[in-house]
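Engineer: The structure's right below; bear with me while I get my questions together.
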Amino acid sequence: MSVPMTSETSSIRMNPPVFYFAAIFILIFGVVVICMPVEAGKWLLAAQNWAANTVGWYYMLAMTLYLIFVVVTALSGYGKIKLGADHDEPEFSYLSWAGMLFAAGISITLFFFCVSEPLTHMLNPPQGPAGNAEAARQGMQLLFLHWGLHGWGVFAFVGMALAYFAYRHNLPLALRSALYPLIGKRINGPIGYAVDGFGIIATVFGLGADMGFGVLHLNSGLDYLFGMPHTQWVQVGLITLMMGAAILVAIAGVDKGVRVMSDINMLLACALLLFVLFAGPTQHLLNTLVQNIGDYLGALPTKSFDVYAYDKPSDWLGGWTVFYWAWWIAWSPFVGLFIARISRGRTIREFVFGVLLIPLGFTLAWMSIFGNSAIDQVLNHGMVALGQSAIDDPSRTLYLLLETYPWSKTVIAVTVFISFVFFVTSADSGTVVLSTLSARGNNADEDGPKWLRVFWGAMTALITSALLFSGSIDALKSAVVLTSLPFSLILLLMMWGLHKAFYLESQKQIAQMHSLAPVSASRRGRGGWRQRLSQAVHFPSRDEVYRFMDSTVRPAIEEVSAVFREKGLNVVTQPDPANDNVSLEIGHGEEHPFIYQVQMRGYFTPSFARGGFGKKEQLRNRRYYRAEVHLSEGSQDYDLTGYTKEQIINDILDQYERHMQFLHLVR
């Protein structure tokens, strides 16, 4: 796997093909649905039924394949590959990283579905008699399936692809980068831009569904507390209010305040979970949690492929499992980008198992405790109205359950507050991600322009309002299933590209081991032993290394480039004084180009090397610099400082011969 160089500047700007493709589609869809809500609702429902009956099996296979791919990759030799250059270290400690993954697992939809879904499965099961203990057990099994490993598997897959190509191969932090092993530089053409466009469309509808469920949930809570009417126009007002708050946060950049608010919110969510656990039938809830986990893991292989082919036709699969799989797919660019951003420097193995297991534990505990509390009320305490509410008005069901607990008014008020903050933070993060996906010229750690955040926030609000007007929950589900379908195919292509990239990287490592001209030969010829010893204990300043690169490295690269051009090869050199590096790229037609780059990197000087200096000299020289060699896969962890021009040319040729050996192996 190799990376093309680009002359694009680092200024962030809108990517017109991606932006206009996605924006026009979303705008037309929103306007049509708003102008013809009843007809649009019927079309969406008919389309969802078609999708469930026609491609339901495909969604089941695709989601299972995503999960199998990430697990097998993590357990294979590829699991040792870093999401970044080989020398990169994780930016965050394990504890901080785990905390952020934990935060990624919390969404306002946990409140909407944690009670209503298991009760609905119990009272309207896909198989067997309804309303008994066995139906309740099956309902929790299905709840765990929908919120379990499959969803986090697709998140891990997209996050792994984004981080691998952006941080290890310096490609754009965009979905199209995963297709580079398949189509090369054409990722920066119509095919690549279409991939990013479909990713944005799926993300907007996925966020729209999340916002829609969240608004229904909040409206019911405010109705309970203050008598706010439960109408569509009230919901549009809530969408406008909360999305407006999210947009203001996104453009103001008040990261510290939002982070503090999110931390407080997570503590309140955990407190609410513990309250429900210990104020309810604690022993029963712990028992059912253990049994639910066992039932889920035991049935996971069969349920992953269960399309109820031998049962009478129904819309249950399309309304639940197929919808969930489409929803997870639609959310994957959003969550995938977040977890990619916080995981640079981690190996694929620790990344995959961290993403799969850390958020999953909290999610399943939340679902089990709330779900079994509701089931206990219906089965053992005769609370029939609670079960009926799950079917007729699921947005109210959680509040009806909390009514049965002590201090119910206060608990419900806290729940509404938690839901509101989750809504704002999710919408804020979503607009930032959408702006990043529709921008170009940014590096992997920069977000898109602020005006794009405003635009995508408005588009998401438009889609959410339109879908609520055209049929409420059913319309939300239908739109997600339809818009996720093309993007699910793109994910399969991304999987192919990622697998090919891993294979090419393994072949490059084999080529390096079997090269006839080992790189170490160039390094052994750096003068006599006294010169080598002096060089080993010397920690040069930035100016010294900069002068070395200007006087020795750059002339060496220019000289060898001229000879390669004489041989008829396509050679590009890119001196970049602003970023303290100089690069050489040699093209080989459709084959992978050879890339050799020397970067100046700074490090803290070891304390023993500063011991003989005075305090003033220590402070001035506390950092030293190296002229490090980088290939397409990242830093090679050796320093050219002190090499002669001839030795640098030999080093370039050594690496080039290894690259030719690599092309021989993969041809």
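Engineer: Pick out, in residue order, every one of the trypsin sites (Lys or Arg not before Pro) in the stretch 25-108 that is DSSP loop and has at most 12 other C-beta atoms within 10 Å; say none if there are none.
Structural biologist: Here no trypsin sites (Lys or Arg not before Pro) fit, given the DSSP loop and packing criteria.
Engineer: In µm²/s, what is D for the stretch 74-123 at 37 °C and 0.692 mPa s, where D = kT/(6 pi eta Rh) by Stokes-Einstein and Rh is the Kirkwood radius from Cα pairs?
Structural biologist: Estimated diffusion coefficient is 225 µm²/s.
Engineer: Could I ask something else about it? Give me the Kirkwood hydrodynamic radius of the stretch 416-501, using the inverse of the mean 1/r over all pairs of distinct Cα atoms, in Å to one decimal.
Structural biologist: Across the stretch 416-501, the inverse of the average 1/r is 15.3 Å.
Engineer: Between K42 and D392, how high is the FRET efficiency from 1/(1 + (r/R0)^6) when r is the Cβ-Cβ distance and R₀ = 22 Å? Nearest 0.05.
Structural biologist: Approximately 0.55, to the nearest 0.05.
Engineer: Expected output is a single nm value to one decimal: the length gained when fully extending between I191 and E544, i.e. 0.36 nm times separation in residues minus the C-alpha distance. What is it?
Structural biologist: 122.5 nm
Engineer: Can you tell me the 0 to 90 degree angle between the C-alpha axis of helix 450-469 and the longest principal axis of the chain, rounded to 10?
Structural biologist: Approximately 30 degrees, to the nearest ten.
Engineer: Turning to a different aspect of this structure: Provide the per residue accessible area, probe 1.4 Å, for the chain, rounded to a whole number of square angstrom.
Structural biologist: With the other protein chains kept in place, the chain gives 41 Å² per residue.
Engineer: Write down the radius of gyration of the stretch 87-195 and its Dmax, each obtained from C-alpha positions, in Å.
Structural biologist: In order Rg, Dmax, the Cα atoms of the stretch 87-195 give 20.5, 59 Å.
Engineer: Suppose we flag chymotrypsin sites (Phe, Trp or Tyr not before Pro) only when DSSP calls them loop and at most 12 other Cβ atoms lie within 10 Å. Which is the longest uninterrupted stretch of the chain?
Structural biologist: 1-304
Engineer: From zero outward in steps of 10 Å, how is the percent of C-alpha pairs of the stretch 131-202 spread across the bins?
Structural biologist: Over the stretch 131-202, the share of Cα pairs per 10 Å bin runs 18, 34, 20, 14, 11, 4 percent.
Engineer: Next question. Of all the accessible heavy-atom surface of the chain, with the other protein chains kept in place and a 1.4 Å probe, what percent is carbon and sulfur?
Structural biologist: 62 percent
Engineer: Let me ask something else about it. Tell me the angle of helix 109-123 to the major Cα principal axis of the chain, expressed in degrees between 0 and 90 and rounded to the nearest ten.
Structural biologist: Tilt relative to the chain: about 50 degrees.
Engineer: Helix 94-104 sits at what angle to the longest principal axis of the chain, using alpha carbons and giving 0 to 90 degrees rounded to 10?
Structural biologist: 40 degrees
Engineer: In debye, nearest 20: dipole of the chain around its Cα centre with unit charges on the Cβ of K, R (+) and D, E (-)?
Structural biologist: In debye, rounded to 20, the chain gives about 1620.
Engineer: Take the alpha carbon gyration tensor of the stretch 266-398, find the square roots of its eigenvalues, order them as a ≥ b ≥ c, and report rounded if a/c is under 1.5; if not, report prolate when a/b exceeds b/c, else oblate.
Structural biologist: It is oblate, given that a/c is not under 1.5 and a/b is not larger than b/c.
Engineer: A further question follows. What number, in nm² with one decimal, is the all-direction average of the projected area of the convex hull of the alpha-carbon atoms of the stretch 126-256?
Structural biologist: If you wrap the Cα atoms of the stretch 126-256 in a convex hull and average its projections, you get 13.8 nm².
Engineer: Now, a different point. For the chain, compute Rg over Rh where Rg is the Cα radius of gyration and Rh is the Kirkwood radius from the inverse mean 1/r over Cα pairs.
Structural biologist: Value, to two decimals: 1.03.
Engineer: Let me ask something else about it. Could you work out the relative contact order of the chain, using alpha carbon pairs under 8 angstrom and six or more residues apart, expressed as a whole percent?
Structural biologist: 26 percent
The values are calculated or read from the model by the stated rules, or taken from the named source; none is laboratory data. Remember, it's a predicted structure, so these values are computed and weren't measured experimentally. Heads up, the Cβs are rebuilt from the backbone with ideal geometry, glycines too, and the neighbour counts pull from every protein chain shown. What goes into the accessible areas is simple: the full protein's heavy atoms, side chains included, and nothing from ligands, DNA or RNA. Shrake-Rupley method; radii C 1.70, N 1.55, O 1.52, S 1.80 Å.
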